[in-house]
1. How charged is the neighbourhood of Phe260? Take every other residue with its Cβ under 15 Å from the Cβ of Phe260, and add Lys/Arg as +1 and Asp/Glu as -1.
2. Can you show me the helix-derived [θ] at 222 nm for the chain, built from DSSP H runs with n ≥ 4 at -39,500 (n - 2.57) apiece and divided by the number of residues, rounded to the nearest 500.
3. Once the dipole of region 202-356 is set up with Lys and Arg at +1 and Asp and Glu at -1 on Cβ about the Cα centre, which of Val211, Leu251, Trp222 lies farthest towards its positive end?
4. Please report, in debye to the nearest 20, how large the charge dipole of the chain is about its Cα centre when each Lys and Arg carries +1 at its beta carbon and each Asp and Glu carries -1 there.
5. Amide H of Val379: which non-local residues (sequence gap of 5 or more, or other chain) have their own amide H closer than 5 Å, using H built in the peptide plane?
6. Please identify the helices of the chain, taking whole runs of DSSP H, that span at least 27 Å along their own axis as judged from the Cα atoms and have a mean Kyte-Doolittle score of 0.0 or higher.
7. Report the one residue of Ser154, Val42, Ala464 whose Cα lies farthest in the direction of the positive end of the charge dipole of the chain (charges on C-beta: Lys and Arg +1, Asp and Glu -1; origin at the Cα centre).
8. With respect to the cross-link table entries Lys361/Lys432; Lys325/Lys473; Lys445/Lys513; Lys147/Lys432, which display a Cα-Cα separation exceeding 32 Å?
Amino acid sequence: MGRVGLAVRLSTLIGMLLVMYLLSLVTGGFVLLANAVVVRAVSEPYIPLALRLALLALVSAWGLPPLVRVLRVRRMRWHESLVTGVITALYAAALVAAFAYDAVLGLVTGATLLARVSLVAQRGDRRRAALEAGLFTLLAVTLILVKLYVPVASARLLEEVRLGEPIDVNGLYRFIPLMTAYVYALDRIQLPTHTVYAEDSYVYYIGNHSVYNWIIEPEGFWNQLTRSPRGIILVYGDSYPPRVEIVERRLEWGLRNARFNGLYIDTLIRRVVLAAGLALRPIPENNMEVYLDGRVYILIPLESWIRGPLETIPVLAGYAVVNEKGSIEVLSPEEVAERFPFIPLLPEAIARAWVETLRYKPGFLQVYLYHNTFEVRDVGTNPQPYLTLDTRGRQWWVFVAEPPGRTYSAKYIIYVAANETSPRIRVYELPKPVVGVSMVESYVKQAHPVFDWEQLSIEEPIPAVIGGRVYWKVTVTTRDYRGLVSVDIVDAETTRVYSLQPRHHIAYLDALKLIMGELGAKQPTEKSSKDILDRIGELEEKIKRVREELDKILEELEEIKETLLNETLGQR
């Protein structure tokens, strides 16, 4: 091989390495890409997986030989060989990504088919071109049809329990919407380099208090590479104005910060994948921030799958628990339930996936041809489900499902227990039509004809089932979500709307009194209902004072420990 040939080969190699380096940067040293590939291999049913591999084998057989022939050409200039190396590496990376992602698979297979058919047709062999195109199309269509059947088969893995009466759940505890809690959290941050991101929030309950939570993250690309999170913000959503608690701590990791080490960009999700294993998928959108025993923890759920020849459903594998120093501990669901008993154990994403799969239980033709199923529709910026509490304090993911098409009445109330990990879904079919989530907005607007709706937003229609009767709690806020204009209670049966106008301070108890008093919920007497509500308020105030006192004791204890440690180190 002469000097020219060596230069060509070297420039080709440089082109390949350049692509591989850039790919390593954005995939955490190939860890995130490897996680996506392995997750596809362990989550997809066996038959669609085999068809996917067959399709990729055909794409490789048609696409790689021309590239190999180009690489063997010796009379190329160095810049031509550099481009060839880049294209070759990009094609190889696309094949790997096509295995993991459906969108990439469609692009790669479509482009390869067009290129192959055009090449064969130019050679004059039109019969072969038609045969290869037919084979390719048959394989692709078969894969699409099989994937359409997968949710139908997967629905058989779910345990559906039909309820004779609804479970009473109180969505009023989640009194203020997520976005209002978010702007209150945002307004408490005085660091110019840090912020909170609305989509990174989650909710859990401490007693009857709903708690929204965020990490105080560095803002902007350079800050995310060079700075650490500065603590967490907890917003208690059971009253307005909400109580905001800031826990200032230097955290090693958040969801947004990163570290550049030359070969790749390190992130928390990359570290979670390495700690939990490539076969589990982190669900960062369902992360929770918890302040417990004077320490901050970030909890990220981990997803695995139950699968068969044509069926697959996600299940909870455990949680990655990240402490303030960045250490990651992978816990089983049972360990998490024991250590953090107040959090919803089952992530929202898995609960939603189960209910979406349940839609296909009537069968292939019934769903796709006759539309004999239901739909879970979303209103506002925060989609279903909503985490609610029943009368015993148990947490439930609650969905209100409607028939498909232009029918907007509620058909089912669907419950998924937030503290159970088995795929069990409880379904209550409403005996008569009531207002569904899609039409709640219209009745609220009708009840306030003088409101300027261009300046207002309707947020989080949350169901409240009290005494077997369905109500919708709807919040009207300003467009920037900072102002709470009205809290409306909509009787889903009569469509009557009752409004709570914000005073100096209002809470979920005000809405509960409205339902139990004016709406005539099933309670012994009006006097006993008032006594019970007043007692609830007293107990919650007592709990609040006790928690504040405990926080002060924990802070003093931490200060004593730090002082003792400093004295010990000074003596040494």
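The values are calculated or read from the model by the stated rules, or taken from the named source; none is laboratory data. As the structure is a prediction and not an experimental result, all values here were calculated from the model. Using ideal geometry, Cβ is built from the backbone for each residue, glycine included, and neighbour counts are taken over all protein chains shown. These accessible areas exclude ligands, DNA and RNA; they are computed on the full protein's heavy atoms, side chains included. Shrake-Rupley method; radii C 1.70, N 1.55, O 1.52, S 1.80 Å.
1. Charge balance near Phe260 sits at +4.
2. Mean residue ellipticity, 222 nm, calculated: -14500 deg cm²/dmol.
3. Checked the options; the winner is Trp222.
4. On the way: 63 positive and 63 negative charges, 646 e Å.
That gives a dipole near 3100 debye.
5. Gln384
6. 3-26, 46-71, 78-100, 102-122, 126-154
7. Farthest towards the positive end: Val42.
8. Going by Cα-Cα distance, Lys325/Lys473; Lys147/Lys432 fall outside the 32 Å limit.
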